[in-house]
Amino acid sequence: MTGGGDARTAMRRRDRGKDDAWIRDFLAQARWGVAAFTDDGGQPFVNSNLFWYDPDLHAVYLHTARTGRTPEVLARSRSVCFTTSEMGRLLPADEALEFSVEYAGVVVFGTGVTVEDMAEAREALYGLLRKYAPHLEPGRDYRGITDEEMARTAVFRIDVEDWTGKAKTEADGFPGAFHVPAPSLLPGVFRGESG
């Protein structure tokens, strides 16, 4: 299933391609992802979200409110592309066009569906909770998901048809490599400060 099987997953830099095991591990650890859809009129639409990859079902799960653009677009167009990535260090060079960056990422192609089965939807939501808060347990650290909450939440499943993963890294001693700082507004935004 690694990239190169068809035009969707063909890679120009095949030397940076990763195998299925690497892709599964990356999806298990990646912090957030972006699902891309196209509406009836051909307008692209993306949804940035937390996600959970279920290796047993070979599916990516996301959730959002039951009403809004994501469920509306998905109801009309089931073709989905999903990506998640991480940026490493900036890699400076003697020439501007030779600057580069370390990166790792996965692109998934598949079919999106709204999960109607409440047991599957609940398991997907608990999968998200296990991924992001593995040290916390329902019933001990927090109240479990209620039926009322399930009625307000839409869970989406992307059935993986194909995927590709790639990464570029350099040795620790790469001359001048540095991490790009996060935008200065983020700490305030994440603490709820205005500005």
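The values are calculated or read from the model by the stated rules, or taken from the named source; none is laboratory data. Computed from a predicted model, the values in this text were never measured in an experiment. Cβ coordinates were reconstructed from backbone atoms using ideal geometry, including for glycine residues, and neighbour counts include every protein chain displayed. Protein only, heavy atoms only, side chains kept; ligands, DNA and RNA dropped before computing areas. Shrake-Rupley method; radii C 1.70, N 1.55, O 1.52, S 1.80 Å.
Taking the residues in segment 46-87 that are surrounded by 13 or more Cβ atoms within 10 Å (Cβ to Cβ) and touching an Asp or Glu at 6+ places or on another chain (Cβ under 6 Å) as candidates, determine which candidate is nearest to Phe156 (Cα to Cα).
Ala59
Could you list, in sequence order, all residues of segment 160-194 that are under 30 Å from Glu95 (Cβ atoms), open to solvent by 80 Å² or more (accessible area, probe 1.4 Å) and either at pLDDT 95 or above or acidic (Asp, Glu) (or both)?
Selection gives Asp172 alone.
Can you find even one residue in segment 91-112 that is open to solvent by 50 Å² or more (accessible area, probe 1.4 Å), modelled with pLDDT of 90 or more, in contact with a helix residue (DSSP H, G or I) (Cβ under 7 Å, 6 or more places away or on another chain) and within 11 Å of Phe156 (Cβ to Cβ)?
The answer is no, given that none of the residues of segment 91-112 is open to solvent by 50 Å² or more (accessible area, probe 1.4 Å), modelled with pLDDT of 90 or more, in contact with a helix residue (DSSP H, G or I) (Cβ under 7 Å, 6 or more places away or on another chain) and within 11 Å of Phe156 (Cβ to Cβ).
Assigned to a loop (DSSP other than H, G, I, E, B) and either surrounded by fewer than 15 Cβ atoms within 10 Å (Cβ to Cβ) or at pLDDT below 95 (or both): does that describe Asp40?
yes
Among (1) exposed (fewer than 14 other Cβ atoms within 10 Å of the Cβ); (2) closer than 30 Å to His179 by Cβ; (3) free of Cβ contacts under 8 Å to residues at least 40 places away in the same chain, where does Tyr132 come up short?
Going through (1) exposed (fewer than 14 other Cβ atoms within 10 Å of the Cβ); (2) closer than 30 Å to His179 by Cβ; (3) free of Cβ contacts under 8 Å to residues at least 40 places away in the same chain one by one, Tyr132 breaks only (3).
Out of Phe156, Phe99, report the one residue that is touching a residue at least 40 places away in the same chain (Cβ under 8 Å) and of a type in the set (Phe, Trp, Tyr).
Phe156
Can you tell me how many residues in segment 68-88 are free of Cβ contacts under 8 Å to residues at least 60 places away in the same chain and more than 17 Å from the chain's Cα centre (by Cα)?
Number of matching residues: 8.
Does Ala151 meet the test of being modelled with pLDDT of 95 or more and surrounded by fewer than 14 Cβ atoms within 10 Å (Cβ to Cβ)?
no
Starting from segment 41-64, take each residue that is without any contact (Cβ under 8 Å) to a residue 40 or more places away in the chain and list its partners that are part of a loop (DSSP other than H, G, I, E, B) and of a type outside the set (Lys, Arg), counting only C-beta distances under 9 angstrom and pairs at least six apart or across chains.
Here the result reads Phe45/Asp39; Ser48/Trp32; Asn49/Trp32; Tyr53/Ala30, each pair linking segment 41-64 to a residue that is part of a loop (DSSP other than H, G, I, E, B) and of a type outside the set (Lys, Arg).
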